[in-house]
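Undergrad: First, the structure itself, so that you have it in front of you.
The values are calculated or read from the model by the stated rules, or taken from the named source; none is laboratory data. The shown structure was predicted, so the numbers you read here are calculated from the model rather than taken from an experiment. No Cβ is skipped: glycine too gets one built from the backbone with ideal geometry, and neighbour counts run over all protein chains shown. Side chains included, ligands, DNA and RNA excluded: accessible areas come from the protein's heavy atoms. Shrake-Rupley method; radii C 1.70, N 1.55, O 1.52, S 1.80 Å.
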Amino acid sequence: MTDPTARARPRLPWAMFVLPAAAGVPAGILWWLLAPGGLNLITRDPALGDGAHPQVWLPRDLTLAGLLVFAGCLLAVFLTDKKRQDPQLSLLMGLAGGLCGALLAWQAGVLTARLFGPAVDATANASIAFSLRALPVLLLWPAATAVSVFVLELMHLLGKKDDGGPEGRGTLRLGP
């Protein structure tokens with residue numbers, strides 16, 4: 001029997017973990033579509049279409065970095081929703097989901113390149129194949145989420161009056 005006076009455990013917000021993690025797969029495919037060394041839809045420059053040229057490696061990593069930062073900022077908008085039952089737990093689940101999403105994006109991009117890209121001889125250097133050279137890029141999704149949540153919450157707090165009511169739109173009181 002259940003004790004009605006016992007405190008119910010809060011339910012984990014699994015959607016805040018599963019959705020960012022699952023979003024990593026299309027982000028990885030998009031990375032391969034846009035990045036130099038992949039399908040290269042951003043520049044369409046044939047010189048940047050081959051991973052054998054070292055000048056391709058940095059833009060390839062930066063393309064994934066930009067996608068992950070965008071995904072982190074977008075996730076932060078959903079995490080700052082005021083209707084959440086347990087916002088701290090939602091934030092932790094969102095950060096973990098963002099990290100898993102970044103890992104999945106990396107692996108999905110590499111797998112997409114192997115399946116749909118041309119065969120590559122990477123015996124001279126592993127970076128010739130579509131890959132990620134700077135692994136710390138994977139931390140950008142949770143980092144962008146954390147910073148964006150902080151900024152959005154700070155903006156929300158600065159927009160309130162001392163009595164708890166919202167101030168007029170567009171005004172920010174810094175002094176007395």
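Undergrad: Rank 147, 69, 110 by mean-square fluctuation in a GNM of the chain with C-alpha springs under 10 angstrom and give only the top-ranked residue.
TA: 147
Undergrad: Around residue 40, which amide H atoms from residues at least 5 apart in sequence, or from another chain, sit under 5 Å from its own amide H, with H modelled in the peptide plane?
TA: Excluding prolines and chain starts, which carry no amide H, the hits are 34, 35.
Undergrad: Tell me the angle of helix 57-79 to the major Cα principal axis of the chain, expressed in degrees between 0 and 90 and rounded to the nearest ten.
TA: Computed tilt is about 20 degrees.
Undergrad: Using R₀ = 41 Å, calculate the FRET efficiency as 1/(1 + (r/R₀)^6) where r is the Cβ-Cβ separation of residue 115 and residue 82; round to 0.05.
TA: Details: r = 43 Å, r/R0 = 1.04.
Rounded to the nearest 0.05, the efficiency is 0.45.
Undergrad: Which of 159, 24, 38 ends up with the largest GNM mean-square fluctuation for the chain, with Cα atoms connected below 10 Å?
TA: Sorting by GNM fluctuation, first place goes to 159.
Undergrad: A further question follows. Which residue fluctuates most in the GNM of the chain (Cα springs below 10 Å): 15, 124, 113?
TA: Most flexible of the set in this elastic network: 124.
Undergrad: Treat the chain as a sphere of radius equal to its Kirkwood radius over Cα pairs and apply Stokes-Einstein at 25 °C in a medium of 0.890 mPa s; give the translational diffusion coefficient in µm²/s, rounded to a whole number.
TA: On the way: Rh = 18.4 Å.
Roughly 133 µm²/s, to the nearest whole number.
Undergrad: Translational D (Stokes-Einstein, µm²/s) of the stretch 64-109 at 4 °C and 1.567 mPa s when Rh comes from the Kirkwood sum over C-alpha pairs?
TA: Numbers: Rh = 11.2 Å.
This corresponds to a translational diffusion coefficient of 116 µm²/s.
Undergrad: Using θ = phi - 60° and the Karplus relation 6.51 cos²θ - 1.76 cosθ + 1.60, list the HN-Hα couplings for the stretch 88-101 in order, rounded to whole Hz, with x at every Gly or Pro.
TA: Using θ = phi - 60°, the values come out as 5, 5, 4, 5, 4, 5, x, 5, 5, x, x, 5, 5, x Hz.
Undergrad: Taking the Cβ of residue 13 as the centre, find all other residues whose Cβ is under 9 Å away and add up their charges (Lys, Arg: +1; Asp, Glu: -1). Before the final figure, lay out the partial values.
TA: Working: positive: 11, 84; negative: 86.
Every neighbour counted, the sum reads +1.
Undergrad: Rg(Cα) of the stretch 93-153 divided by 2.2 N^0.38 Å?
TA: Values: Rg = 15.1 Å, N = 61, 2.2 N^0.38 = 10.5 Å.
Normalised by 2.2 N^0.38 Å, the Cα Rg of the stretch 93-153 equals 1.44.
Undergrad: Please calculate how many Å² of accessible area the chain carries per residue, with a 1.4 Å probe and no DNA, RNA or ligand atoms counted.
TA: Numbers: 11360 Å² over 176 residues.
Heavy-atom SASA per residue in the chain reads 65 Å².
Undergrad: Moving on to the next point. What are the ³J(HN,Hα) values, in whole Hz, obtained from phi via the Karplus relation 6.51 cos²θ - 1.76 cosθ + 1.60 with θ = phi - 60°, for each residue of the stretch 143-155 in sequence order, with x given for Gly and Pro?
TA: With the stated coefficients, the stretch 143-155 comes to 5, 5, 5, 4, 5, 5, 4, 4, 5, 5, 5, 5, 5 Hz.
Undergrad: I need the Kirkwood Rh of the stretch 20-121: take the reciprocal of the average 1/r across all distinct C-alpha pairs and report it in angstrom. List each step's numbers first, then the result.
TA: On the way: mean 1/r = 0.0690 Å⁻¹.
With all distinct Cα pairs of the stretch 20-121 included, I get 14.5 Å.
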